[in-house]
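Shown next, in structure tokens, is the structure this report addresses.
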Amino acid sequence: MNVNLYPLKEFKLPIVAECINPDIFQEKSLKEIEALKVWEGNKQKRLGELFKVEAVETSFEAPVITIHGNASRVRRIGVGMKSGEIIIKGDAGMHLGEEMRGGKITVYGNVLGWAGSMMKGGTIEIYGNAGDYLGAPYRGSTEGMKDGKIIVHGNVGREAGAHMRKGIIKIYGSAGQFAGFRMKGGTIYVQKDCESRAGACMVDGTIVVGGHIESVMPTFTIEGLRKRVKIEEGEIVEAPFYLFIGDLTENGHGRLFIAKEPNPHLSHYEKFL
Amino acid sequence: MELLIRNGFVYDPINGVNGEKMDIAVKDGKIVEKVNERRAKKIDATGMTIMPGGIDIHSHIAGGKVNAGRLLRPEDHFKDVEPKTAVTRSGVGYSIPSTFTTGYRYARMGWTTVMDPAMPPLEAKHTHEELSDTPIIDKASYPLLGDWWFVLEYLRDGKIEECARHVAWMIKATKGYAIKLVNPGGLEAWGFGRNVESIDDPVPYFGITPREIIRGLCKVNKLLNLPHTIHVHTNNLGKPGNYVTAIETMRCVEDLAEDGKPAIHITHCQFCAFKGDDWRTFESGAEEIANYVNAHSHVTMDMGQVIFTDTTTMTADGPFQYTLHMLSGNKWTNHDVETETSAGIVPFHYRRKSYVHATQWSIGLELALLIKDPWKILMTTDHPNGGPFIAYPRIVAWLMSRKAREATLKRINPKARSRSLLPSIDRELDFYEIAIVTRAGQAKALGLKNKGHLGVGADADIAIYNFNPETMDPSKKYKAVRRAFKRAAYTIKSGHVVVKDGEVLKHIDGATMWVDVQLREPCEIEVNENMKRRFKEYWTVEFENYPVSEDYLAVSHPIPVKADV
Amino acid sequence: MPIVKAVTCPVCGSLCDDIELTIENGEIVKVKNGCAMCEAKFLSHRSEHRIRKPLIRKNGELVKTTLKEAVQRAAEILAEANYPVLYGWSSTSCEAISVGIELAEEVGGVIDNTAVVCHGPSLLSVQDVGIPSCTLGQIRHRADLIIYWGCDPWSAHPRHIERYTAFSEGRFEKSAWRGYIAKIRTLIGRKKIQSTVRRLVFKKPPEIKAQLEPTFVPSIAKEGRKLIVIDVRRTKTAEMADFFVRVEPGKDYELLQAFRALIRDQELEVDSVAGVPVGYLEEVADAMVSCDFGALFFGLGLTMSGAKLRNIDAALSLVRDLNMRTKFVIMPMRGHFNVTGANTVFTWQTGYPYAVDFSLGYPRYNPGETSVVDVLLRGESDAALIVASDPVSNFPRKAAEHIAKNPLIYIGPHMDVTAQVADVVIPSAMVGVEASGTAYRMDHVPIPLKKVVDPPRGVLPDEEILRRILTEVRKIKREKAKAEAA
Amino acid sequence: MAEKPKLKVVLLTGRTIEQGVGKELGKSTREYVESVSVCYMDPGDMRKLGVKDGVNVQVSTAFGSVVVKAKKSLRAPHPGVIYIPYGPWANVVVDPETHGIGMPSFKGVPAVVEPTDKPVLGLEELLKQQFGKG
């Protein structure tokens, strides 16, 4: 059974709706789904009080949940989901797909902070922009993204992929400061520009910046020039890249590829090659 | 209010009651001979186990260090939450629960008295503010005095009586309960990033050794007639080979013991029962410690049992915590307190598959089982250092059941398993002995006269567990033991039924106990004049802003003690 | 005239507790030992700008009302709210904060303290790295190297240097005051000569550029305590220092990370970092590793600019790393006198130091999500209670706008900016002057606050006002539950 | 009329001792208002703009625009950096973005300074203008 959700109003208060999750919807009747508990501000409500819930019988095993409309106030959609699919035709709120293990989430709008936080598997694809802390762990935790894939077609905020261990984050727009902060493994690709401090305190892993970067941390050392960089199977960027290694402060050996052409201000590093 | 608990199997070791079926009567918060049967509220405890409320001699539940630990670890709390109910406040849990949650969780297990073992005197108000916010349970705290400049200076100059008078002042000023020593001398050295290596290694700039501090404060303790002995966290804690230091520490006060009475409490002994030269050759020193303790009567100790889980280590032993930070690479908080002490905090995960951690787990149980007299070795996890206190039901099961130990042994590091002494130990504690290591022995070691037993006149702090010792064998049904201790059928605190079937029914305040030391001659003014003069030199607060006034204690329970000085 | 001694000054996080007040006819007439801010605060209790009567907004105007009505209205606003914010708390007592948290829990609101816009980022980084720190006396007794980074204690914590650091007298380290006096004398002399030369010879102002790019690196080597200041401007504190490093605005993170690399004996492939020649950095790095006990104090210059919380991450990591070489501690320069206390009480009751959201019935914490400025910027809250703070004068306009738009309750002693746009205004006693309580110094030492004079007639302490609101809220909720049941 | 000169700068906000004393005296005191409706500038920058000590300038950022009094900085040289003490005037022009951590950007906001004939608003006028309340 597939489920369509239509917001019944423009939400003003924060909505916490962990129940919007294919694993939870599975094998539930329409009535049961409508009765699922959500929070609107400090009041507990039923899902059916906030959304018009529509069920479509299908032959597929794993359900597809589609939200039609603006869900930018709706937090924790798809938290911990293991299978199935969520499609959001509009914006989505914070903590989308946090600790997700499998399945797919697609958003045809913008997403606020902590999307894919502490993700362990599955795919999140965002056609708009994503907020801060994309794929990053909860406060105080070092449990970064362990696996899975996040694709953002717009821009992202600060600290994308912080503490990342495995998996891939592809950003086809620009990234804010501290992309790949304290990263330990995996790959972050920023196709366009990147604010400064990319890879700060990284220990291992790969960051690729295809556009302009304000500056490279002084605690990175230049390793060489590369003609191309492989992002993942089937995606290779053919362009000259500087390769930096760091972060020295953490005795790290992370790889930071910076496209040469958009960054003439880094040419002084070439004297070390 | 009157209460009659009927027909349970009662374990009350202080009064020699061993599983007898009897009724217990409660009136106005005390155990009484009998109550008016018609008027009294009745609890049917048929087929249940009854013990005095649990006591914890060493559990870090309040104060600057604990709170710095809470602050450090949002990732520890965010998945373990306690929503507000009609009667309880909300909070967060796991290894360093918020204050309300701490009180409720102890009560749910049937524990009613908890001693916070490390209070930096300068920050004593903080400890008491938190204790006052810790509901249900009674509590007290031990001021850290082993590195206090006054103590170091007086003991160096051989002025024991002078030292005793200042300690007396300090215990009153901080509303403390016992003298706590942590890595004596080492914390002062840590002020400049150093440590002491043995009990005879001089403290930099002070011309005194840890041995002299331990002996000196042991004498002071005796002069003041404090209810508990000195409470010692040994030098070299957490280092391979340190069982030698632990034995030397116990030995150095042998001659100060009187009539077979305890003179020293070695706390979380598991952490100072390490044999070997380094982490590679690391092994258990439990047997050596147990042999010593079995042959001597001047020592009590507690386990400091390790649990395989993620927890937060915290002690006043700043240099040890730094070592742990370097070993684990985990985040590290340090907080040194001027003229007094230090503290360190490091999150830590004890893993079954780690040789060292698994051996530590074994050491704690070996100590508890090899030391023959249960009055000498009390159950603790040194919460949260060995693991959070909510693991007590599991430890009770390990102590009562060989089968439970084997089940865990099977899953630990193979090298640790093969070297563990546990497979060679058949001993299984019975409920009587469990009542000693979790209640009666704790009360006796602490000198708490009205707690840890169910005799007439005792505080009506009672735990009722849904386990029938007549029909069930704890050795086999260890999981049922665990369940019973996890959620007490009833917890009664000061005569109030506060927990039923593991649910908190009532939020009441517990009392804060402190020792009101009364010196033979009222020479307090002299002490104060002396203090005032040195106050400006030593501390950065004014003399009159230093002491904890009684209104910081939600319920103040002073225990008057007459000193011999 | 009665003199009250050992009074704690309720202004900044230094919490000096040696103030002597002279009281005459129930008023403070003289303040001894305090700084200019301390004096201003103690003398302001009789200021004409005090609020003396509760106010309530009717037809767009604030009009006088009774305390009972104001409390009732405040309780109604909070009880009806679906997502209220309760903000402030850093300039009141721990006892009042405690009641505030209970109230927030009862009404399912977001409670936040002013740390969020001062050292909140520091706390976030402490949660990632930890913090090697100590009490201030430890620094007084032992520190031979003191660094102030992105803070200007001379302006914000005027007695900090004299009481706790470079100019204090400790057991193992002596005050550097005399050396400073000598230095100032020569400096003044040199300045006089320079300005005379300028006036007589050049008749034009000197080239600034020359001062910005010195060709040689002065040495810090000296006996006794050393004071280093790192800032974007040459502050008053910087003028006192033995060594001043001027960092480009927003580039502190690079500088901190460069120090971390240098103290690990790693080489940098750049000539300068954040506008500072590497030679300068090496000089400071040498001083750091060669001291016996170093102390790094940092302020909002680090938390508010550039990398924000990650500046602190780097500073904490730097100090942590330095402990491999020597003893080193670090401490945030906390602004409000009890912001540390607010963090402390929040933490023991809820597990988290600020930005706690009770809307789901238990504490949740995620600054950026549950922090007050963000809640306001997203326009989520539907009511606000402000205690002992003035967000309308401290928050960016857009955030302040949302507070002003919704029902707003203000509790405080003065007619602050927030009070002027509030809907319910309840005057309160000045904590530490007219009401007692407890506050925590920036190093977490709890110090009692004294009540030295009476508040204006009918004016209650925050704690009592909050308790009355809480009681009223519970009454409203009980009645509502009864009505619903019926 | 000739185009008035403009200067691109970085705006910092922060504490000053005057603001500290002012806030303790009370937010509606003259001392407070005068201590926070000012903008400390590098003397070189002031010459470039042709403004003298005590003259009104308009500070504009992507978030708003406010008129304050220019003051010669005692902490100079800091060319290209202006400093407005914390307060309602500074708030009009600071960057509210918190970058997901709760802390707005109070320091290091790109700004433009220019001389102006407009007056510095009083506190009440400013509140009316910004919030329509007060």
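A protection proxy built from the mean count of other Cβ atoms within 10 Å ranks the segments A:115-121, B:139-145, B:27-33, most packed first, as B:139-145, A:115-121, B:27-33.
In the protein assembly as shown, the DSSP beta bridges split such that about 45 percent are antiparallel, to the nearest 5.
Between residue B:22 and residue B:418, full extension at 0.36 nm per residue minus the direct alpha carbon distance yields a gain of 138.1 nm. One equal scatterer on each Cα of the protein assembly as shown, no solvent, Debye formula: the resulting log10 I(q)/I(0) at q = 0.06, 0.08, 0.09 Å⁻¹ is -0.57, -1.06, -1.37.
Each of B:338, B:544 has its accessible area taken with a 1.4 Å probe; listed largest first, they run B:544, B:338. Simple point charges give the picture: +1 on the Cβ of Lys and Arg, -1 on the Cβ of Asp and Glu, and for chain D a dipole about the Cα centre of about 160 debye. Amide H to amide H, with H built 1.01 Å from N, residue A:124 comes under 5 Å of A:105, A:149, A:150, A:151, counting only residues 5 or more places away or on other chains. Using Cα-only point scatterers and the Debye equation, what is log10 of I(q)/I(0) for the stretch C:322-445 at each q in 0.15, 0.18, 0.22 Å⁻¹, rounded to two decimals? These q points yield log10 I(q)/I(0) values of -0.85, -1.15, -1.41.
Simple point charges give the picture: +1 on the Cβ of Lys and Arg, -1 on the Cβ of Asp and Glu, and for chain C a dipole about the Cα centre of about 1660 debye. A convex hull fitted to the Cα coordinates of the stretch D:7-131 yields 107 cubic angstrom per residue. For the stretch C:368-422, the pair-distance distribution built from all alpha carbon pairs, in bins 10 Å wide starting at 0, is 28, 59, 13, 0 percent. The angle between the Cα long axis of helix C:462-485 and the main principal axis of chain C comes to about 40°, on a 0 to 90 degree scale. For residue B:394, the accessible area of its heavy atoms, probed at 1.4 Å with every protein chain present, is near 90 square angstrom. The calculated pair-distance distribution of the stretch C:301-346 uses every alpha carbon pair, bins of 5 angstrom beginning at 0, and gives 5, 18, 19, 20, 21, 14, 3, 0 percent.
Taking the 0 to 90 degree range and rounding to the nearest ten, how far is the long axis of helix C:278-290 tilted relative to the main principal axis of chain C, both from C-alpha atoms? Taking the Cα atoms of chain C, the angle to C:278-290 is about 80 degrees. Between the stretch A:165-234 and the stretch C:90-156, the C-alpha centres lie 34 angstrom from each other.
Averaged over residues, the count of other Cβ atoms within 10 Å places the peptides C:360-366, D:86-92 in the sequence D:86-92, C:360-366, highest first.
With only Cα atoms counted, the stretch C:120-332 has Rg and Dmax values of 17.5, 58 Å. Derived scalar couplings between HN and Hα for the stretch B:283-294 equal 7, 6, x, 4, 4, 4, 4, 4, 4, 5, 5, 5 Hz in order, rounded to whole Hz, by the Karplus curve 6.51 cos²θ - 1.76 cosθ + 1.60 (θ = phi - 60°), x for Gly and Pro.
Kindly provide the Kirkwood hydrodynamic radius of the stretch B:281-403 in Å, to one decimal, from all pairs of distinct alpha carbon atoms.
It is 15.5 Å.
The mean sequence separation of alpha-carbon pairs under 8 Å and at least six residues apart, normalised by the residue count of the stretch D:7-131, gives a relative contact order of 36 percent. Does anything in the stretch A:21-36 have its amide N under 16 Å from the 7 Å Cα→Cβ label point of residue A:82, and if so which residues? It comes to A:21-28, nothing else.
Secondary structure note: in the stretch C:120-332, about 10% of the DSSP beta bridges are antiparallel. More than 15 Å apart: what percent of Cα pairs in the stretch B:409-461 qualify? The proportion of pairs with Cα distances above 15 Å equals 63 percent. Taking 7 Å steps out from each Cα toward its Cβ at residue B:192 and residue C:475 produces label points 6.4 nm apart.
Considering only C:117, C:3, B:174, the residue lying farthest towards the positive end of the dipole of the protein assembly as shown is C:117, judged by Cα position with unit charges set on Cβ.
Computed extension length for residue C:282-residue C:265: 5.1 nm, one decimal, from 0.36 nm per residue of separation with the Cα-Cα distance subtracted.
Would you mind checking the stretch B:455-495 for residues with the amide N under 16 Å from a putative spin-label position 7 Å along Cα→C-beta of residue B:449? Only B:455-460 pass the distance filter.
Its Cα gyration tensor gives the stretch B:161-225 an equivalent ellipsoid, and the semi-axes of that ellipsoid, as √(5λ) in whole Å with the largest first, are 23, 13, 10. The smallest convex shape that holds all Cα atoms of the stretch C:399-486, its convex hull, gives 163 Å³ per residue.
Find the percent of Cα-Cα distances in chain C that exceed 43 Å, and round it to a whole number.
Distances greater than 43 Å cover 23 percent of the Cα pairs.
Of A:240, A:22, A:218, which has the largest mean-square fluctuation in a 10 Å C-alpha GNM of chain A? Comparing A:240, A:22, A:218 in a Gaussian network model of chain A, the most mobile one is A:218.
Diffusion of the stretch A:171-273 by Stokes-Einstein, at 37 °C in a medium of 0.692 mPa s and with Rh set to the Kirkwood radius over alpha-carbon pairs, works out to 250 µm²/s. All Cα-Cα separations within the stretch B:255-314 were binned at 10 Å from zero, giving a P(r) of 19, 41, 29, 11, 1, each value a whole percent of the pairs. When D:10, C:247 are compared by accessible area at a 1.4 angstrom probe, the order from most to least is D:10, C:247. Normalised by the number of residues in chain C, the average gap of Cα pairs under 8 Å and 6 or more apart makes the relative contact order 26 percent. Using the Stokes-Einstein relation with a Kirkwood hydrodynamic radius computed over Cα pairs, the translational diffusion coefficient of the stretch D:55-128 at 25 °C and a viscosity of 0.890 mPa s comes to 184 µm²/s. Taking label positions 7 Å along the Cα-Cβ direction at both residue C:222 and residue A:127, the computed distance is 6.5 nm, reported to one decimal. Looking at chain C, the DSSP beta bridges with both ends there are about 40 percent antiparallel.
Mean partner shielding of peptide C:30-41, defined as the number of other chain Cβ atoms within 10 Å of each residue Cβ, is 3.
Annotation for residue C:187 and residue D:128: the two label points, set 7 Å from Cα along the Cα-Cβ direction, are 4.6 nm apart. Can you tell me the FRET efficiency between residue C:174 and residue B:407 if r is taken as the Cβ-Cβ distance and R0 is 60 Å, rounded to the nearest 0.05? It comes to 0.45. For residue B:420, the accessible surface of its heavy atoms amounts to roughly 20 Å² (probe 1.4 Å, protein chains only, rounded to the nearest 10). Stokes-Einstein diffusion for the stretch B:202-347 at 20 °C, viscosity 1.002 mPa s, with a Kirkwood radius from C-alpha pairs, works out to 130 µm²/s. In the protein assembly as shown, taking the dipole from charged Cβ atoms about the Cα centre, the farthest positive-side position among C:324, C:469, C:422 is held by C:422. Measuring nothing but how far apart in sequence close Cα pairs (under 8 Å, 6+ apart) lie, relative to its length, chain B scores a relative contact order of 21 percent.
What is the Cα radius of gyration of chain A over 2.2 N^0.38 Å, N being its residue count?
Against the compact-globule rule of thumb, the ratio is 1.08.
Peptide packing: for B:163-170, C:54-61, the average count of neighbouring Cβ atoms within 10 Å per residue gives the ranking B:163-170, C:54-61, highest mean first.
Hydrodynamic radius of the stretch B:406-565 by the Kirkwood approach over all distinct alpha-carbon pairs: 20.9 Å. Counting Cβ atoms of other protein chains within 10 Å of each residue's Cβ and taking the mean over peptide D:8-20 gives 5.
Just so you know, the Rg over Rh for the stretch C:278-363 is 1.10, from Cα atoms, with Rh as the Kirkwood radius. Solvent-free Debye calculation, one equal scatterer per alpha-carbon of chain B: log10 I(q)/I(0) at 0.07, 0.09, 0.13 Å⁻¹ equals -0.37, -0.62, -1.36.
The mean number of partner chain beta-carbon atoms within 10 angstrom of a residue's beta-carbon across peptide C:304-315 is 6.
The values are calculated or read from the model by the stated rules, or taken from the named source; none is laboratory data. Quick caveat, the model's predicted, so the values are computed rather than measured. Cβ: placed from backbone, ideal geometry, glycine included. Neighbour counts: every protein chain shown. Note: accessible area is taken over every heavy atom of the protein model, side chains too, but ligands, DNA and RNA are not part of it. Shrake-Rupley method; radii C 1.70, N 1.55, O 1.52, S 1.80 Å.
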